[in-house]
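Student: Sharing a structure with you now.
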Amino acid sequence: MFVLTAKLSKSKLIAAGVILIAAVLLIVLLATADASPAADAKPTGSTNEERVAFLATYGWSVNAEPKEAQKVRIPDTADNRVFARYNDLQKSQGYDLTQYAGKEVMRYVYEILNYPDASSPVYASILVFDGVIIGGDVTNTAPDGVIHGFCKPQAESQATEPVTEPTEAATEAVTECAPED
């Protein structure tokens, strides 16, 4: 039988422990780090400037001050067809309100100044929870107006039907829309 012994001082043992812990933390951070953290980053909307800038990324020019700012409660999802249809619109543009069911959020409404061929006021609503934009829509208040996502509508010659309810074609068209750089 062969026995090997080593004598370590306390300072060497502590230094080895610190290095070992740092290595483990580095490995854990690298393993859990997302390859594209910006892809999961949600737009911030805690200030008026951030919300106006968010709408500008979609090409909207709005009055700088919100027409309305109020707390609203996201309805519970159980058997609520209106919420389900509205959430389908949100999902079509990359948002999902189900995780906010029953919670109060802020709703900011801005008048859009550059909506194509608008005969009545058009408003953009932004939903904000804890300083993060979680959804919203654009509402054309004309008698034949529609509610749609943040993306600008197609030209009338290209549009086949209004997007009052997300359809598969509307969902594909909206998911292709991205904020302008």
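Laboratory data are not the source of any read-out in this text; all were calculated from the coordinates shown. Source: prediction; values computed, not measured. With ideal geometry, Cβ positions are generated from the backbone for all residues, glycine too; neighbour counts draw on all protein chains shown.
Student: May I ask you to compute the full-extension gain from Asn63 to Ala101, defined as 0.36 nm times their residue separation minus their alpha-carbon distance, rounded to one decimal in nm?
Tutor: 10.7 nm
Student: Also, quick follow-up: How about Lys91: which lysines have a C-alpha closer than 30 Å to its C-alpha, ignoring those fewer than 8 places off in the same chain?
Tutor: By straight Cα distance, Lys91 reaches Lys42, Lys67, Lys71, Lys103, Lys152.
Student: With each label point set 7 Å from Cα along the Cα-Cβ vector, what nm distance links Asn80 and Ser119?
Tutor: 3.4 nm
Student: Work out how much length Leu30 to Leu13 would gain on full extension: take 0.36 nm times their residue separation and subtract the Cα-Cα distance, in nm to one decimal.
Tutor: 3.5 nm
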